[in-house]
1. Scan the stretch 57-82 for residues that are modelled with pLDDT of 95 or more and more than 16 Å from Leu113 (Cβ to Cβ) and jot them down.
2. For the stretch 39-50, enumerate the residues that are under 14 Å from the mean Cα position of the chain (by Cα) and free of Cβ contacts under 8 Å to residues at least 60 places away in the same chain.
3. Taking the residues in the stretch 79-135 that are part of a loop (DSSP other than H, G, I, E, B) and hydroxyl-bearing (Ser, Thr, Tyr) as candidates, determine which candidate is surrounded by the fewest Cβ atoms within 10 Å (Cβ to Cβ).
4. Are any residues in the stretch 80-109 of a type in the set (Gly, Ala, Ser) and touching a strand residue (DSSP E or B) at 6+ places or on another chain (Cβ under 7 Å), and if so, which ones?
5. What pairs can you find where one residue is in the stretch 119-135 and polar (S, T, N, Q), the other is modelled with pLDDT of 90 or more, and their Cβ atoms are less than 7 Å apart, with a gap of 6+ or different chains?
Amino acid sequence: MLSVTNPSDERLTAARRAKLAYIYVRQSTVTQIKHHQESTELQYRLVDRAADLGWPRERIQVIDEDLGKSGAGTTERQGFQKLITEISLGHAGLVMSLDASRLARNNRDWHQLLELCSLFGVLLADGERLFEPIS
């Protein structure tokens, strides 16, 4: 289950902000990157959104190794694997993507991400909303 929060929510704690904010940037194909540059630019601008939510810029990391790679599986998505690892190590306070479909295209990946975020107290965000996965 996801619960929606707003930028002034008490769940945006100093402890979470002391951890890293990860911006996950992905488009499925090289053609999409070439012909939909505005989408790529919007994704990189999520750094500003994380800063607006209180993360210092030096604590915001962009993971964009999966640009041009399909989200259908994780075998070639090293960026997604890096994100899962960082969450599992307790380094993340926030994971942000333009929309959920950029993060995971199959149920296994999505449920793994939600469960880890719930276990480690990581917030999820898109371009408009902030979510707290809860068990």
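1. Arg57, Glu58, Arg59, Ile60, Gln61, Val62
2. Passing the criteria: Gln43, Tyr44, Arg45, Val47, Asp48.
3. Only one residue fits best here, namely Ser135.
4. Ala92, Gly93, Ser97
5. Correct list of pairs: Ser135/Ser118.
The values are calculated or read from the model by the stated rules, or taken from the named source; none is laboratory data. Just so it is clear, the structure is predicted and the values come from calculations on it, not from any experiment. Glycine also receives a Cβ, built like all others from the backbone with ideal geometry; neighbour counts cover every protein chain displayed.
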